Amino acid sequence: MKRHQYELSVEWTGNQGKGTLNYRSYSRDHSISAEGKYAEIMGSADPAFLGDKTKYNPEDLFLSSIAACHMLWFLHLCSSHKIIVIAYLDNATGVMEEAPNGSGKFTKVMLNPQVKVAKESMIQKANDLHQEAGKMCFIANSCNFYIEYNPTTSIN
């Protein structure tokens with residue numbers, strides 16, 4: 001079995017002069033970076049947890065990881081099956097349930113890929129390949145909840 005290791009840095013940038021004196025004394029802002037990567041990602045907490053709504057939060061990034069991994073496997077499988085994808089857009093959604101103690105977990109993710117293919121004869125196979133992509137996706141295989149796929153495929 002091959003092993004892959006990933007490294008990145010998460011740096012808290014939200015010290016407003018008093019550190020974590022109390023729950024409201026600090027910003028949830030942080031940066032995510034990795035050596036050799038093009039740009040930093042500026043993050044925060046979800047606004048429900050006193051975060052900055054203009055920045056990505058861990059829940060956004062988690063959902064985007066699932067959607068991007070699925071897309072990359074789907075495109076690979078289409079290529080292998082001679083299905084020519086012209087465009088791909090996924091408006092993914094997720095549900096996180098918060099427990100009374102403040103912890104929580106994702107309970108549902110729905111991927112809604114809108115795919116354009118070169119020929120009408122490719123539509124059915126393209127739709128079928130979403131299930132296969134879901135079985136291959138590293139991120140989806142790491143989740144303990146069901147991921148739903150609702151593809152819409154049309155010709156260019």
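So if a site counts as exposed when it's one of the GluC sites (Glu not before Pro), its DSSP state isn't H, G, I, E or B, and it has at most 15 other Cβ atoms within 10 Å, what's the longest stretch of the chain without one?
Working: sites that count: 7, 35, 40.
Between the exposed loop sites, the longest stretch runs 41-156.
For a quick check: sort 66, 123, 155 by the number of other beta carbons within 10 angstrom, fewest at the front. Could the numbers behind the result be given before it?
Values: 66 23, 123 18, 155 12.
The order, fewest Cβ neighbours first, is 155, 123, 66.
What fraction of the DSSP beta bridges in the chain is antiparallel, stated in percent and rounded to the nearest 5?
Details: 18 of 26 bridges.
In the chain, DSSP labels about 70 percent of beta bridges as antiparallel.
Once the Cα atoms of helix 58-80 and of the chain are each reduced to a long axis, what angle between those two axes, in degrees from 0 to 90 to the nearest 10, is obtained?
With both axes taken from Cα atoms, the answer is about 20 degrees.
Among 49, 145, which comes first, then next, by fewest other beta-carbon atoms within 10 Å?
The fewest-first ordering by Cβ neighbours comes to 145, 49.
Which percent of Cα pairs goes in each bin when the distances of the chain are cut into 5 angstrom slices starting at zero?
All Cα pairs considered, the percentages come to 2, 8, 14, 16, 15, 15, 12, 8, 5, 3, 2, 1, 0.
Please determine, in degrees from 0 to 90 and to the nearest 10, the orientation of helix 123-136 with respect to the longest principal axis defined by the Cα atoms of the chain, where the helix direction is its Cα long axis.
With rounding to tens, the tilt is 40 degrees.
Treating segment 1-41 as a set of equal point scatterers at the Cα positions, no solvent, please give the Debye-formula log₁₀ I(q)/I(0) at q = 0.16 Å⁻¹.
-0.56
Based on the Cβ-Cβ distance of residue 40 and residue 145, what FRET efficiency does E = 1/(1 + (r/R0)^6) give at R0 = 22 Å, to the nearest 0.05?
Working: r = 30 Å, r/R0 = 1.35.
Rounded to the nearest 0.05, the efficiency is 0.15.
Which Cys residues of the chain have no other Cys beta carbon under 4.7 Å away?
If one checks each Cβ against the other cysteines of the chain, 78, 143 turn up with nothing under 4.7 Å.
Rounded to the nearest 0.05, what FRET efficiency is calculated for residue 23 and residue 64 with R0 set to 30 Å and r the Cβ-Cβ distance? Mind dumping the intermediate values first?
Working: r = 28 Å, r/R0 = 0.92.
The calculated FRET efficiency here is 0.65.
Distance in nm between label sites at residue 119 and residue 131, each 7 Å beyond Cα in the beta-carbon direction?
2.4
Rounded, prolate or oblate: which fits segment 31-73, taking a ≥ b ≥ c as square roots of the Cα gyration tensor eigenvalues, rounded meaning a/c under 1.5, else prolate when a/b beats b/c?
oblate
Can you tell me how much longer the chain between residue 12 and residue 152 gets when fully stretched, taken as 0.36 nm per residue apart minus their C-alpha distance, in nm with one decimal?
46.4 nm
As a quick test, which of the pairs 55/105; 18/55; 53/135 have an alpha carbon distance above 24 angstrom in this structure? Let's see the in-between values first.
Numbers: 55/105 21 Å; 18/55 22 Å; 53/135 33 Å.
The pairs that break the limit, which is 24 Å between Cα atoms, are 53/135.
Any read-out appearing in this document is the output of simple, stated calculations on the displayed coordinates, not a laboratory observation. Every value quoted in this text rests on a predicted model; they were computed, and no experiment measured them. We place every Cβ from the backbone using ideal geometry, glycine too, and count neighbours over all the protein chains shown.
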